[in-house]
Amino acid sequence: MIVEEIMNKHVITLSPADTIETALRTLTAKGIRHIPIVTANQEVVGIISDRDVRDACPSILDEHICNDMLKQPIQRIMTQPVITCHPLDFVEEIATVFYDNKIGCLPVTQAGSLVGIITETNVLHTLVELTGAHQPGSQVEVQVENIPGILSKVVAVFAKENVNIVSVLVYPAKDEMQKILVFRIQTMNPLKIINQLRGEGYHVLWPNATF
């Protein structure tokens, strides 16, 4: 899946000359957490978050200082330079950028202009959809040898039992010679497929009850 499939295309923006107060009102009124700061040509020159605005006025006890700060231009507190992405970037790569840089959103640019924005909420929603976690069903985890072709062999067991697979995740086990296959399947009772997997000699980690 690529960024342009899940990004928000209608982006609320401000200019560097807009005040911090304007940013605060916009964040509150629109219920958003980030605002890209752009030039008249839609070039991204900064980004501001609700946290940036809160930090700009550290104490409401001194009303005079707080009001003075709110009248300052956004460019005084905006984050720059800005990490951006392209509409054709892969969503899993964007998730890595979020993780590595500890950020919550990325402006999406093309030919130097802002065309959208993607947030960690977009990525999380996509992950839920891709894994089928929001659909009724069961999860089965199988530990297997880390060898070529093993996935197709395990999938064949599901096919033989006529069990529909919604999604498959693969991640390393603690033993580098092993890996974990996580299947989301369209059945509320996985008993039959679990017994079949065990009968074929596979180690079922979850559900781990003895049937």
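Name the residues in the stretch 79-94 that are in contact with a Leu (Cβ under 8 Å, 6 or more places away or on another chain) and crowded, with 16+ Cβ neighbours inside 10 Å, would you? Even if it seems obvious, please write down each step before you answer.
Of all residues in the stretch 79-94, those in contact with a Leu (Cβ under 8 Å, 6 or more places away or on another chain) come to 83-85, 94.
T84, C85, I94 - these are the residues of the stretch 79-94 that are in contact with a Leu (Cβ under 8 Å, 6 or more places away or on another chain) and crowded, with 16+ Cβ neighbours inside 10 Å.
Return the residues of the stretch 4-23 that are exposed (fewer than 15 other Cβ atoms within 10 Å of the Cβ) and either farther than 29 Å from F90 by Cα or not aliphatic (A, V, I, L, M) (or both); say none if nothing qualifies. Steps first, please.
In the first step, residues of the stretch 4-23 are kept if they are exposed (fewer than 15 other Cβ atoms within 10 Å of the Cβ); the result is 5, 9-10, 12, 17.
E5, K9, H10, A17 - these are the residues of the stretch 4-23 that are exposed (fewer than 15 other Cβ atoms within 10 Å of the Cβ) and either farther than 29 Å from F90 by Cα or not aliphatic (A, V, I, L, M) (or both).
Does I165 count as β-branched (V, I, T), more than 22 Å from L127 (Cα to Cα) and surrounded by 14 or more Cβ atoms within 10 Å (Cβ to Cβ)? Give the derivation first.
Values: β-branched (V, I, T): yes; more than 22 Å from L127 (Cα to Cα): no; surrounded by 14 or more Cβ atoms within 10 Å (Cβ to Cβ): yes.
Judged against the criteria, I165 is not a match.
Looking at the stretch 93-110, which of the residues that are free of Cβ contacts under 8 Å to residues at least 60 places away in the same chain and touching a strand residue (DSSP E or B) at 6+ places or on another chain (Cβ under 7 Å) is nearest to S49 (Cα to Cα)?
Taking the stretch 93-110 as the starting set, the residues that turn out to be free of Cβ contacts under 8 Å to residues at least 60 places away in the same chain are 93, 95-103, 106, 110.
Next, from what is left, pick out any that are touching a strand residue (DSSP E or B) at 6+ places or on another chain (Cβ under 7 Å): 97, 106.
Values: V97: 17, L106: 12 Å.
Checked the stretch 93-110; the qualifying residue nearest to S49 (Cα to Cα) is L106.
Within the set of pairs 6+ apart or on separate chains, which have a first residue in the stretch 152-163 that is on the phi < 0 side of the Ramachandran plot and modelled with pLDDT of 95 or more, a second that is part of a loop (DSSP other than H, G, I, E, B) and open to solvent by 50 Å² or more (accessible area, probe 1.4 Å), and C-beta atoms under 6 Å apart?
These pairs meet every condition: V157/E200.
Name the residue, out of E120, E145, E141, that is in contact with a strand residue (DSSP E or B) (Cβ under 8 Å, 6 or more places away or on another chain), in contact (Cβ under 8 Å) with a residue 40 or more places away in the chain and charged (D, E, K, R).
After ruling out the rest, the residue left standing is E141.
So, in the stretch 24-40, of the ones that are closer than 15 Å to I77 by Cβ and among the aliphatic types (A, V, I, L, M), which residue ends up most open to solvent (accessible area, probe 1.4 Å)?
Looking at the filtered set, the residue picked out is L24.
Just need a number here: residues in the stretch 99-156 that are part of a helix (DSSP H, G or I), of a type outside the set (F, W, Y) and open to solvent by 80 Å² or more (accessible area, probe 1.4 Å). Before the answer, list the steps.
Restricting attention to the stretch 99-156, the residues satisfying the condition of being part of a helix (DSSP H, G or I) are 99-101, 120-131, 150-156.
Narrowing the set further to residues that are of a type outside the set (F, W, Y) leaves 100-101, 120-131, 150-156.
Filter once more, keeping what is open to solvent by 80 Å² or more (accessible area, probe 1.4 Å): 100, 121, 124-125, 127, 129-130, 153.
Residues flagged as part of a helix (DSSP H, G or I), of a type outside the set (F, W, Y) and open to solvent by 80 Å² or more (accessible area, probe 1.4 Å) within the stretch 99-156 amount to 8.
The values are calculated or read from the model by the stated rules, or taken from the named source; none is laboratory data. Worth saying up front: this structure is predicted, and the values here are computed from it rather than measured. No Cβ is skipped: glycine too gets one built from the backbone with ideal geometry, and neighbour counts run over all protein chains shown. Keep in mind that these areas ignore ligands, DNA and RNA; they rest on the heavy atoms of the full protein, side chains included. Shrake-Rupley method; radii C 1.70, N 1.55, O 1.52, S 1.80 Å.
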